[in-house]
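**Q** Here it is: the structure, laid out below.
The values are calculated or read from the model by the stated rules, or taken from the named source; none is laboratory data. Worth saying up front: this structure is predicted, and the values here are computed from it rather than measured. Positions of Cβ are generated from backbone atoms using ideal geometry, with glycine treated the same way; all protein chains shown enter the neighbour counts. To get the accessible areas, we keep the full protein, side chains included, count just its heavy atoms, and leave off ligands, DNA and RNA. Shrake-Rupley method; radii C 1.70, N 1.55, O 1.52, S 1.80 Å.
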Amino acid sequence: MGEIEQRPTPGSRLGAAENSGISTLEHGQKPPPTPSGKLMSVRIQMLDDTQEAFEVPQRAPGKVLLDAVCSHLNLVEGDYFGLEFPDHKKITVWLDLLKPIVKQIRRPKHVVVKFVVKFFPPDHTQLQEELTRYLFALQVKQDLAQGRLTCSDTSAALLVSHIVQSEIGDFDEASDREHLAKNKYIPQQDALEDKIVEFHHNHIGQTPAESDFQLLEIARRLEMYGVRLHPAKDREGTKINLAVANTGILVFQGFTKINAFNWAKVRKLSFKRKRFLVKLRPDVNSSYQDTLEFLMASRDFCKSFWKICVEHHAFFRLFEEPKPKPKPVLFSRGSSFRFSGRTQKQVLDYVKEGGHKKVQFERKHSKIHSIRSLATQPAEPNSEVPKQAQQSASLTFGEGAASPGGQSCQPGRDPPASADERGPQRNPTPQRSPAGSTKADGAGRAETEEEEEVAKDRTQQSRPRPPQPSTGSLTGSPHLSELSINSQGGAAPTSTVLSPNLSPDTKQASPLVSPLLNDQAGPRTDDEDDGRRKRFPTDKAYFIAKEVSTTERTYLKDLEVITSWFQSTVSKEDSMPETLKSLIFPNFEPLHKFHTNFLKEIEQRLALWEGRSNAHIRGDYQRIGDVLLKNIQGMKQLAAHLWKHSEALEALETGIRGSRRLESLCRDFELQKVCYLSLNTFLLRPLHRLMHYKQVLERLCKHHPPSHTDFRDCRAALAEITEMVAQLHGTMIKMENFQKLHELKKDLIGVDNLVIPGREFIRLGSLSKLSGKGLQQRMFFLFNDVLLYTSRGLTASNQFKVHGQLPLYGMTMEESEDEWGVPHCLTLRGQHQSIVVAASSRSEMEKWVEDIQMAIDLAEKSSGPAPEFLASSPPDSKSPEEAAGDQESEDDLSASRTSLERQAPHRGNTMVHVCWHRNTSVSMVDFSVAVENQLSGNLLRKFKNSNGWQKLWVVFTNFCLFFYKSHQDSHPLASLPLLGYSLTIPSESEDLHKDYVFKLHFKSHVYYFRAESEYTFERWMEVIRSATSSASRAHVLSHKESHVY
């Protein structure tokens, strides 16, 4: 019986974190030198469907053949690939790298060995070579055509559109349809041809490398990505399919995943005849050990699958190749099979060290010239092995796992190649450059940490442009040079040219070459930046005025989401009633026109203040109160439009509820890059903006002494805006709750009437619910009448399925750590059911206790219990003991562990998903405070392992930092949710030696940001602290009372 066993330690039995998995043993045995003797010819079918014949010695181990193929392709990251072939029993198996080839391939003349992807990493940005990503893209293309990669029609059309862009280039409808007629990429292609062509139109300017990156970005989120199904039966005889992935063992029923056993939960894998056995680690709260048994068709099928599991576990979980078992003296028991080759950690380290040369490669199906860069490569992130801390079963590769960046060149630029680099090599022996080989000239490298950012872009349009100096890459994208930094902190030399696109999706020319941005968007040396900072006025009032300007820019962009982008989308579709159109757009267009002029006046005043005109000599322009007073008085004339915004929000939600076409239109619009928040949030932006003006004027009045020339105007403007805010206070509170309920409704499945009069949202967050199988992560939603608990579904939309509800009327609550032996544990006893929940920390528990008690008190004062409002699932009334037999599937979080974005027809980067991944909570009070604490402006950003600073336009809103190349961009390039992050000032040991620097830290993710002045530094610290550490309810309420809406 073959087996792989991980023995429990005393620490693991007590629930302690796993060790890092570093092997303390010596390196495994390497295959003997390639034996001489008779050669055999083996035909290899490549991923581009071509066939090549390789001559290798008969007695050579399988590794010799695989290395020969990789050498022929000049493939550096060949460890992700393998050779598969049908054995003598017609079972498709992987070529064993340690066994002689002749013992595995009995009749080589009649067998075609396929070179395919074997290990699919959790994140495609871990593939650092463009050639590797190209081969992965070919594998996805192959799986689509064979029906193995199942997905929705929209996803299939989008995938094919990127393949078409890679093969024939930019959109031309006639060429597209002709190409699609000749090439079948998916079984149902004819029915989706129009949608494929429509998607292809959005990819204009996208290079083949960018198309590959986008293809993998979409594919990796599909449930069947990299999955090879192995038929089996469970103990009851039900037909199922087993699969193995980087996260662990997966169980499918048909093509639907029904369970997952992550490596952190698996203690031992073994097989006995036809039975495949999975022994799970004992649960923290139980003494029993659970062993799962699956029946496969034969022993050979069972052993083949067991081998694949052993290899996946070793490749993704270990630091180095495992040591072989010692040979027994008399007889052997079980299989001696082991994983042979480099682990993923070793591959990442090898490529990171630069122990290879960049060489050309040809895309067989592409009409576009594309080579791998011989010059500068984008930066490589800090390579770290995936974390193995057992935080939860579904976080085997935790958020701390780093993803190495990719490398690329600028399209159409052919760097010189040495003679030995031109053309592929044919050699049956492996040829790998030593780790110490010389890097290509001009190689600019900057080690950056993998970002936990939401890459918002889907499709980027770019056009050929002259070479421009650029910088190292931000992440693993082959085109992320826009967000990159030079490792020396200065501008890269002109010979160092990278791809001009930050993401394969941005639909406008690169800011790096935009004449409007020139050096404002480019990297600068620290000395140059210091020089620029010194020219600013030192008066605090100047920086307050500048904050008005920077936030006004963002506000105008938010208005344009409605007046320009949404209106344009609506005009193309006959989905919205004319009455609704006349209620929304005519009430936003006057605001946009007014604030456009307002921004011009502010910027003109700042230009004079900064001394860019001789007028500053008279000293008449070092103030802002007169401009604010004039324009706030003008805003009062627009009050009628502001009153209409709440009506427009209600009418839009009513229209969506009554029209599927309108609902589809709004949902699709929310997937566009410009709509970086939920649509209904933008409808409330004008009301929120009034609060910002009030805050700014309060700071100005506090700063100026009464004798100051600007004090009188500032005080008059404050009185005017305070009056407007007071008038709209009640409407704003009501609309924020209304908007939040509708936003939550999109995240929930199984709720009929969430939005009803009188219902108020209080808190949402992640808690662990105690059941017979232990603590299960659940998402809780607290309202003023009911508490819902849900789990994240396994659907493409990742919405949360309601498991049950607890009416608050008659509920009691008590701490029960001693009773259940679980830290931070609460027992909630309703009239019909009770549940036991545990928070992640003491502070989290206190927040929940405070809010639940308040909600119970509110429910007691109401007329009676709340109505049932679950659509389908009845309330889960089982106690933890009664639920022992329940089979609750564990959610596989690996698909979005580092990145919360989705391309499914539902936004996956909402606050609900952030709280789920960060295991925290957020209240309505926190949301209200976040509305007040919005900020935007330029910041310099630095990663912990890089030397240079990079200038970005940053917008803080909705507990999140959104990054832009400049304020002129219409959509963010990426975003960073801040819940769970800690905000500190760097210590001297971090050796930064710069002023106005703050640090954001979460697990292994560290970011430094640098402000231009003491005032802006304090403002950024203030607003970010509001998102990273929410205050207590009593403190926040007293704060809000001091300046009520």
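**Q** Short version: what are the Cα gyration tensor semi-axes of the stretch 791-848, square root of 5 times each eigenvalue, largest first, in whole Å? Kindly include the intermediate steps, with their values, before the conclusion.
**A** Details: eigenvalues 110, 58, 21 Å².
Value: 23, 17, 10 Å, ordered largest first.
**Q** Moving on to the next point. Points 7 angstrom from Cα along the Cβ direction at residue 987 and residue 749: gap in nanometres?
**A** 4.6
**Q** Still on this structure, please answer the following. Rg to Rh for the stretch 195-246: what is it, with Cα atoms only and Rh by Kirkwood?
**A** Rounded to two decimals, Rg/Rh equals 1.25.
**Q** For a quick check of understanding: with a 1.4 angstrom probe and all protein chains in place, what accessible area in square angstrom does residue 824 have, to the nearest ten?
**A** The accessible area of residue 824 comes to roughly 50 Å².
**Q** Oh, and also: Report Rg (one decimal) and Dmax (nearest whole number) for the stretch 155-240, counting Cα atoms only, units Å.
**A** Taking only Cα atoms of the stretch 155-240, I get Rg and Dmax of 16.4, 55 Å.
**Q** Which of rounded, prolate, oblate describes the stretch 592-703, given a ≥ b ≥ c as roots of the alpha-carbon gyration tensor eigenvalues and a/c under 1.5 marking rounded, otherwise prolate only if a/b is larger than b/c?
**A** Because a/c hits 1.5 or more and a/b exceeds b/c, the stretch 592-703 counts as prolate.
**Q** Rounded to a whole number, what % of the accessible area of the stretch 212-316 do carbon and sulfur atoms account for, probe 1.4 Å? Kindly include the intermediate steps, with their values, before the conclusion.
**A** Working: 1920 of 3870 Å².
Summing carbon and sulfur atoms, their accessible area is 50 percent of the total for the stretch 212-316.
**Q** Further question on the same structure: Calculate the tail of P(r) for the stretch 533-603: the fraction of all Cα-Cα distances greater than 16 Å, expressed in %.
**A** On the way: 1447 of 2485 pairs.
For the stretch 533-603, the share of Cα pairs beyond 16 Å comes to 58 percent.
**Q** Let me ask something else. With every protein chain left in place and a probe of 1.4 Å, what is the accessible surface of residue 1003, to the nearest 10 Å²?
**A** Its heavy atoms expose roughly 80 Å² to the probe.
**Q** Something else about it: From the convex hull of the Cα coordinates of the stretch 747-795, what is the mean projected area in square nanometres?
**A** 4.2
**Q** Estimate the FRET efficiency between residue 297 and residue 146 by the formula 1/(1 + (r/R0)^6), using the beta-carbon distance for r and 22 Å for R0, to the nearest 0.05.
**A** 0.55
**Q** Also: So if R0 is 60 Å, what FRET efficiency would residue 235 and residue 178 give, r being the distance between their Cβ atoms, rounded to the nearest 0.05?
**A** The formula returns an efficiency of 0.65 here.
**Q** I want to check the label-to-label distance for residue 853 and residue 841. Put each point 7 Å from Cα in the C-beta direction and report it in nm to one decimal.
**A** Modelled inter-label distance: 2.1 nm.
**Q** Can I ask one more? Of the heavy-atom accessible surface of the stretch 564-669 (probe 1.4 angstrom), what whole percent is carbon and sulfur?
**A** C and S atoms contribute 48 percent here.
**Q** A further question follows. Using the alpha-carbon centroid of each, what span in Å lies between the stretch 733-758 and the stretch 164-243?
**A** 35
**Q** Okay, moving on. Check the stretch 213-298 and count each lysine pair with an alpha-carbon distance under 14 angstrom, considering only pairs eight or more places apart or from different chains. Before the final figure, lay out each step's value.
**A** Numbers: 233/274; 239/257; 265/279; 268/279.
Value for the stretch 213-298: 4.
**Q** Top to bottom by accessible area (1.4 Å), largest first, where do 849, 912 land?
**A** Final ranking, largest accessible area leading: 849, 912.
**Q** A follow-up question, please. For labels at residue 99 and residue 1025 in the simple 7 Å Cα→Cβ model, what's the distance in nm?
**A** Calculated label separation equals 6.5 nm.
**Q** Taking a probe of 1.4 angstrom, what is the accessible area of residue 920 in Å², to the nearest 10?
**A** About 20 Å², ignoring ligands and nucleic acids.
**Q** Still on this model: How would you classify the stretch 942-997 from its alpha-carbon gyration tensor, with a ≥ b ≥ c the square roots of the eigenvalues: rounded for a/c under 1.5, else prolate if a/b is greater than b/c, otherwise oblate? Walk me through the numbers on the way to the answer.
**A** Details: a/c = 2.55, a/b = 1.52, b/c = 1.68.
Oblate, since a/c reaches 1.5 and b/c is not below a/b.
**Q** Could you calculate the FRET efficiency of residue 699 with residue 109 from 1/(1 + (r/R0)^6), where r is the beta carbon distance between them and R0 is 56 Å, rounded to 0.05?
**A** 0.10
**Q** Does the stretch 130-277 classify as rounded, prolate or oblate by the C-alpha gyration tensor (a ≥ b ≥ c root eigenvalues; a/c under 1.5 gives rounded; else a/b over b/c gives prolate, otherwise oblate)? Display every interim value, and only then the final one.
**A** Values: a/c = 3.23, a/b = 2.21, b/c = 1.47.
Judged from the Cα gyration tensor, the stretch 130-277 comes out prolate (a/c at least 1.5, a/b above b/c).
**Q** What residues from the stretch 572-600 fall in the zone where the backbone N is under 17 Å from a label point 7 Å along the Cα-to-C-beta line of residue 659?
**A** In the stretch 572-600, the label zone of residue 659 (backbone N under 17 Å from the point 7 Å along Cα→Cβ) covers 572-587.
**Q** Additional query: At 1.4 Å probe size, put 41, 366, 571 in order of accessible surface, largest to smallest.
**A** Numbers: 41 50, 366 25, 571 85 Å².
Sorted by accessible area, descending: 571, 41, 366.
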